[in-house]
1. Residues that are among the acidic types (Asp, Glu) and either within 30 Å of Lys266 (Cα to Cα) or not in a helix (DSSP H, G or I) (or both): does region 150-164 have at least one?
2. Any idea which residue in region 64-98 is farthest from the chain's Cα centre (by Cα), counting only those that are among the polar types (S, T, N, Q) and closer than 19 Å to Gly126 by Cα?
3. Return yes when Val88 is more than 30 Å from Thr154 (Cβ to Cβ), open to solvent by 60 Å² or more (accessible area, probe 1.4 Å) and either hydrophobic (A, V, I, L, M, F, W, C) or not in a helix (DSSP H, G or I) (or both) and no when it is not.
4. Tell me which residues, restricted to region 307-324, are over 22 Å from the mean Cα position of the chain (by Cα) and loosely packed, with under 15 Cβ neighbours inside 10 Å.
5. Give the residues of region 155-203 that are of a type in the set (Gly, Ala, Ser), modelled with pLDDT under 85 and over 27 Å from Asp262 (Cα atoms), sorted by residue number.
6. Among (1) assigned to a loop (DSSP other than H, G, I, E, B); (2) under 25 Å from Phe306 (Cβ atoms), which single condition is Tyr77 missing?
7. Please go through region 426-450 and pick out each residue that is touching a residue at least 40 places away in the same chain (Cβ under 8 Å), in contact with a Leu (Cβ under 7 Å, 6 or more places away or on another chain) and open to solvent by 30 Å² or more (accessible area, probe 1.4 Å).
8. In this structure, is Thr33 under 30 Å from Ala171 (Cβ atoms), surrounded by 12 or more Cβ atoms within 10 Å (Cβ to Cβ) and either within 21 Å of the chain's Cα centre (by Cα) or in the same structural domain as Ala136 (by the TED database) (or both)?
Amino acid sequence: MDFNMKKLASDAGIFFTRAVQFTEEKFGQAEKTELDAHFENLLSRADSTKNWTEKILRQTEVLLQPNPSARVEEFLYEKLDRKVPSRVTNGELLAQYMAEAASELGPTTPYGKTLTKVAEAEKRLGAAERDFIHTASINFLTPLRNFLEGDWKTISKERRLLQNRRLDLDACKARLKKAKAAEAKATTVPDFQETRPRNYILSASASATLDDTSCPPSWAEWKEEYPGGWRPPCFFLLPLNPSVTRARGCLSLPKDRKLWNDEVDKAEQELRVAQTEFDRQAEVTRLLLEGISSTHVNHLRCLHEFVESQTTYYAQCYRHMLDLQKQLGSSQGAIFPGTFVGTTEPASPPLSSTSPTTAAATMPVGPSVAGLAPPGEAALCLEEVTPPASGTRKARVLYDYEAADSSELALLADELITVYSLPGMDPDWLIGERGNKKGKVPVTYLELLS
């Protein structure tokens, strides 16, 4: 218990010394040890990394989970070290409502069939979103969170230690400076021949010597030093400063000078120790701050993985919606015969600077071809296909398309091809020609030009 109290008192004294030094620096009354420019740049870079990492982390969490109450719930589960319960995505919930509506309104009706198809697509979209959130959380959010809760806390701790070591160093410098000033003042011997100034007093001493002790000598000492008996007291001037001896004592310049020499030596020793500790802590902090470059490399890799997961997610969404669009186009062609179903606007911004208006007029229809049937029922004989007498249309390709078999025509984005329709064809498909090549092409990949 005694040891703890002594340590507590020592820590309190150190804290008070640092507080005094810090306050004097703020008011410009004390000198401050400045760090080199490279070190200051490392500190600034680390602070910027921390601030922007926090902002990116928070906004990514908002992107993945827009519901603030759900984010708070996930945060609490994480702090309690418990598994976050599985939550239904918005797409899956919408799919559930549409499936229930189709079941109640009639799954065999056109509206019910469409609700069922859309529900299936929304369910797949919800599953893709769930996978994207899970992948982004592991590959992107977790490394950012680990940096803020691990590496940055270590850097902050070492920076606080460096600040304390700097305050101790500056306090030692100030103490040494004061000790040297006092030593120089004590070394100065006053001139007793001059007129007595206001800050000197007349003092009687039992000895005329100036090298006496600070306390009056004992009777035995007087008797040994002056065996001849008493002598008249000697009067001389004493300065009003710490050199004045206690109570009835006399001025003792040699011993006072030795006292301040010891104080200077002690202050210099403390300064050397403080400088060593400051240099060691500065080197440790410098190494940690230089590690921010490795942190940037790690975050760069995580950012690439996040972009890849996001690209995969949107590609899955595009494929699911494209399939849904084909299904809805087939259903609409069956419900409204003779109507051509095409895209009135491009599904994505056109690659060229101009965006011509897509015409949804009826395509030129060629003569019937023997054995022609919708895809999946019979193979299309391309040699027997001829352009209709009523003419053809030009179309611009919106996206790249790879032919599934020899009856289809591979497409490249932004190229122009000639298209026309044949009786009995699936309304989602057209015949496309490019040079001497021809084949079936999906309508959803085309923008018809007027």
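The values are calculated or read from the model by the stated rules, or taken from the named source; none is laboratory data. Computed from a prediction, not measured in an experiment: that's the story for all the values here. Positions of Cβ are generated from backbone atoms using ideal geometry, with glycine treated the same way; all protein chains shown enter the neighbour counts. Just so you know, the surface numbers come from the protein's heavy atoms only, side chains and all, with ligands and any DNA or RNA stripped out. Shrake-Rupley method; radii C 1.70, N 1.55, O 1.52, S 1.80 Å.
1. yes
2. Taking region 64-98 as the starting set, the residues that turn out to be among the polar types (S, T, N, Q) are 65, 67, 69, 86, 89-90, 96.
Within this subset, residues satisfying the condition of being closer than 19 Å to Gly126 by Cα are 65, 67, 86, 89-90, 96.
On the way: Gln65: 19, Asn67: 22, Ser86: 27, Thr89: 27, Asn90: 29, Gln96: 38 Å.
If we take residues in region 64-98 being among the polar types (S, T, N, Q) and closer than 19 Å to Gly126 by Cα, then Gln96 is farthest from the chain's Cα centre (by Cα).
3. So Val88 fits the description; yes.
4. Step one: filter region 307-324 for residues over 22 Å from the mean Cα position of the chain (by Cα), giving 311-324.
Once the filter is applied, which keeps residues that are over 22 Å from the mean Cα position of the chain (by Cα) and loosely packed, with under 15 Cβ neighbours inside 10 Å, region 307-324 yields Thr311, Thr312, Tyr314, Ala315, Tyr318, Arg319.
5. Residue satisfying the conditions is Ser203 alone.
6. Tyr77 satisfies all of (1) assigned to a loop (DSSP other than H, G, I, E, B); (2) under 25 Å from Phe306 (Cβ atoms) except (1).
7. Within region 426-450, just Lys438 meets the criteria.
8. Numbers: under 30 Å from Ala171 (Cβ atoms): yes; surrounded by 12 or more Cβ atoms within 10 Å (Cβ to Cβ): yes; either within 21 Å of the chain's Cα centre (by Cα) or in the same structural domain as Ala136 (by the TED database) (or both): yes.
In short, yes.
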